[in-house]
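Q: Before we start, here is the structure in question, set down as structure tokens.
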Amino acid sequence: MTVENENDFKGLLAVGRIVGLTIQHMIEHLKAGMTTAELDAIGAEFLKQHGARSAPILAYKFPGHTCISINDEAAHGIPGPRVIKPGDLVNVDVSAEKGGYWADAGMSVVVPPVAPEIQRLVDSAKMALQIAIDNARAGVSVNQIGKAVETYIRKQGYNTIEELGGHGVGRHIHEKPSVPNHFNRRNRDVLKEGMVLTLEPFVTTGARHVNTDPDGWTLRTTDGSLSVQMEHTVIITKGKPVLVTAV
């Protein structure tokens, strides 16, 4: 969507803050020994308390209020009986709707003890998101963002997933344009002032592609390599973008 008035701006900031706080709340309660279903329930209750609805359920009837992906699961991990273990790389992806506005964000963290090589992967993904944010300006091509992210990530010795990236958001969970984390010469979209979208680098220790698990949802790296996602919803301006999901 494109922000057209003050109500749009306030509505997006309201749901975006809830999304950001939900992720923060879930990560604060994340610990080894709990199941992904228990972590999801914590997020579900937090969303309910703040008057927001789970976007994956609302839009796609996803079997969970949030997406929780572990290690080589890049995205759309279904909450369930899986036990979170020490050293696991856990991605918490929350998207929600309130008052007709939608926002989406995600964060990956490591359950202690933290291996230095995994922390380096997480830190690189954080920097990739910051690079995407720094390049997201009105008048800039989507390809400029993808090229900047890909260039940095490859210098770190990692790869980005070609099938996964940012997207428009605001009136639905997935809208145009797509915002890949690599240079795609066929993508000629240009960012416009007021545009609402997600920036979300998916960074792996190897694979550039994912397969879908038999459950029909979970996206897993093709070679079993670790995957990290970092994501914010932003509003494009002529200067720095507004971080809708920041808290």
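The values are calculated or read from the model by the stated rules, or taken from the named source; none is laboratory data. No experiment lies behind these values; they were computed from the predicted model shown. Reconstructed Cβ throughout: ideal geometry from the backbone, glycine too, with neighbour counts over all protein chains shown. Calculation scope for accessible area: heavy atoms of the full protein, side chains included, ligands and nucleic acids excluded. Shrake-Rupley method; radii C 1.70, N 1.55, O 1.52, S 1.80 Å.
Q: Would you check which residues across the range 135-149 are among the aliphatic types (A, V, I, L, M) and surrounded by fewer than 17 Cβ atoms within 10 Å (Cβ to Cβ) and list them?
A: Ala138, Val140
Q: Can you say whether Arg120 is out of contact with any helix residue (DSSP H, G or I) (no Cβ under 7 Å at 6 or more places or on another chain) and either within 19 Å of Ala246 (Cβ to Cβ) or part of a helix (DSSP H, G or I) (or both), as far as the supplied structure shows?
A: yes
Q: Being open to solvent by 10 Å² or more (accessible area, probe 1.4 Å) and polar (S, T, N, Q) is the filter; apply it to the range 150-206 and report the residue that is nearest to Asp8 (Cα to Cα).
A: Selected residue: Ser178.
Q: Can you tell me which residues in the range 8-23 are within 12 Å of Trp102 (Cα to Cα) and under 16 Å from the mean Cα position of the chain (by Cα)?
A: Hits for the range 8-23 are Val15, Gly16, Arg17, Ile18, Val19.
Q: For residues that are charged (D, E, K, R) and not in a loop (DSSP other than H, G, I, E, B), scanning just the range 214-247, find the one that is most open to solvent (accessible area, probe 1.4 Å).
A: Arg220
Q: May I ask you to say which residue of Glu45, Glu38 is closer than 30 Å to Phe9 by Cβ, open to solvent by 10 Å² or more (accessible area, probe 1.4 Å), assigned to a helix (DSSP H, G or I) and among the acidic types (Asp, Glu)?
A: The unique qualifying residue is Glu45.
Q: Given the conditions (1) crowded, with 17+ Cβ neighbours inside 10 Å; (2) part of a strand (DSSP E or B), which single one is not true for Asn211?
A: Every condition holds for Asn211 apart from (1).
Q: Here's something else I'd like to know. Among the residues of the range 158-168, which ones are in a loop (DSSP other than H, G, I, E, B) and in contact with a helix residue (DSSP H, G or I) (Cβ under 9 Å, 6 or more places away or on another chain)?
A: Tyr158
Q: Given the criterion part of a helix (DSSP H, G or I) and either at pLDDT below 95 or surrounded by 22 or more Cβ atoms within 10 Å (Cβ to Cβ) (or both), identify the matching residue among Ala105, Ala59, Ala132.
A: Ala132
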